[in-house]
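Novice: Quick one: the structure is below, and I'll ask about it shortly.
Just so it is clear, none of the values below were taken in a lab; they were calculated from the coordinates. Just so we're clear, the structure is a prediction, and the values are computed from it rather than from any experiment. Cβ: placed from backbone, ideal geometry, glycine included. Neighbour counts: every protein chain shown.
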Amino acid sequence: MAVLLLALFPVASKLSKSTKADQYQRQVNANTLQDVFEFCFVPMQYTVLDGVPIDFADGKVQRCFPILSAWVADHMESVTLHGCKSNACPRCEVPARELGTNIKNYQARDYATYERYGYENQFSGSKSDGTQVKFRGVGINLGQKVFHRLHRVSAPDLHTPDMLHTVYLGLFKHMMDWIQAFLKKQGQLQAFDDLWKALPPYLGFLVPKNDYCEVAQWQGKDMGNLGRCILGVVAVALRQPQSLQVIPFKHALGCVRALVDFSMMAQNRSHTSDTIAYMEHYMDQFHWRKCIFVQFRVTKRTLAKVDKQRREIRHQGTQMSQPVAPSKRRQICDDDREEEHERCMDLIYRELHFNLIKIHLLSHFSDPIRQFGNIPMYSTDFGDLAHKEQIKDGWR
């Protein structure tokens, strides 16, 4: 795969506040990025209509019509360019509450319809027609899209799978958090750390020097290296289970194995119908067994809700408190703490889910393989390498 630098896009600094000035600056940044992309796409618009002569390897010159077929970017860049919300899929209209399911028959996005609704909402000047609700329901932000009005271009198909950010820096990091919490609960975390540091060296394999939890930041190549050994380490750490641990250990190991096998199969440079069927089978196995880790899916948003509920409970307790005898005060405090704990745990279990956008993106790995041939050639690690060599070295 060849990577050629064409243009440097201006990227504005992040705005942390939500003042009117910052909102105006965000709109200016979005409009500037839109103008830069349109300027870059102008030559392609003319070549699609009239064609362009291209030299071939046999010495002949043929008139060709270049068409934008894919756009290599991580998820956050893709949703920005497509005008989607951060937890929305650029390819289909999957609801946010169903991102963790294995359903694959969602309707493909129609960005032309979104654009038409956006213009109607803009010129009508009224937001009571339900357009805002419709856009929020499908995970679309109002405004211009980068890939709109490109000739012979299907905007949903421009999104390609990203092994680096979706698998290595995404699901593998989530999986390791689940494994660490699961092993700690089962009393096998120390055995895992000992095995982790005792791995022998091998050609092309970097031996870990510290415990997994001691590493402050993981890079893509480190997580890819982790995928080659994590299954064996977890399997040895979970050996010799007790009678009540047999089923949980089996499901946890099966979930890890399914995700690792999926990532390994997705790295193939060539595929057949059998290899694609294997990938889909591994994905089904992952969804079937992932519930073993659901109790460790406590997010920061859930913890914030728990803290808010705990403060409300204590505030109500202070308002309703009445003078009581010292002998009963301890019993009342113990009952209040127990009730507070039960209500907080109920909230946690109601909030537990696997609705991660990167889990849903795995369901879109098969179609690009049938369309383009393989996945690694469209991973963002190629762009990161080109960024280092073509931009940073040239700048120095």
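Novice: Taking only Cα atoms, what is the 0 to 90° angle, nearest 10, from helix 273-289's long axis to the longest principal axis of the chain?
Specialist: That helix lies at roughly 30 degrees to the long axis.
Novice: How big, on average over all directions, is the shadow cast by the Cα convex hull of the stretch 18-66, in nm²?
Specialist: 4.6
Novice: If neighbour count is taken as other Cβ atoms inside 10 Å, put 9, 286, 135, 372 in order from fewest to most.
Specialist: Lowest to highest Cβ neighbour count: 9, 372, 135, 286.
Novice: Also, quick follow-up: Sum -39500 (n - 2.57) across every DSSP H segment of at least 4 residues in the chain, then divide by the residue count to get the 222 nm mean residue ellipticity, nearest 500.
Specialist: Value at 222 nm, helices only, nearest 500: -16500 deg cm²/dmol.
Novice: Using amide H atoms built 1.01 Å from N in the peptide plane, name the residues 5+ places from residue 92, or on other chains, whose amide H lies under 5 Å from its own.
Specialist: 109
Novice: Quick one: helix 326-351 against the long Cα principal axis of the chain, what's the angle to the nearest 10°, folded into 0 to 90?
Specialist: With rounding to tens, the tilt is 20 degrees.
Novice: Please name which of 25, 45, 64 has its Cα lying farthest along the dipole of the stretch 18-66 towards the positive end, using unit charges on Cβ (Lys, Arg +1; Asp, Glu -1) and the Cα centre as origin.
Specialist: Checked the options; the winner is 25.
Novice: How big is the charge dipole of the chain about its Cα centre, in debye rounded to the nearest 20, if each Lys and Arg gets +1 on its Cβ and each Asp and Glu gets -1 on its Cβ? All intermediate terms of the calculation are to be shown ahead of the outcome.
Specialist: Details: 50 positive and 42 negative charges, 183 e Å.
Magnitude of the dipole: close to 880 debye.
Novice: Using Cα atoms only, what is the angle between the long axis of helix 246-266 and the major principal axis of the chain, expressed in degrees (0 to 90) to the nearest 10?
Specialist: 10
Novice: Can you tell me how the chain classifies by the Cα gyration tensor, rounded, prolate or oblate, using a/c under 1.5 as the rounded cut? It would help to have the intermediate numbers written out before the result.
Specialist: On the way: a/c = 2.19, a/b = 1.35, b/c = 1.62.
Judged from the Cα gyration tensor, the chain comes out oblate (a/c at least 1.5, b/c at or above a/b).
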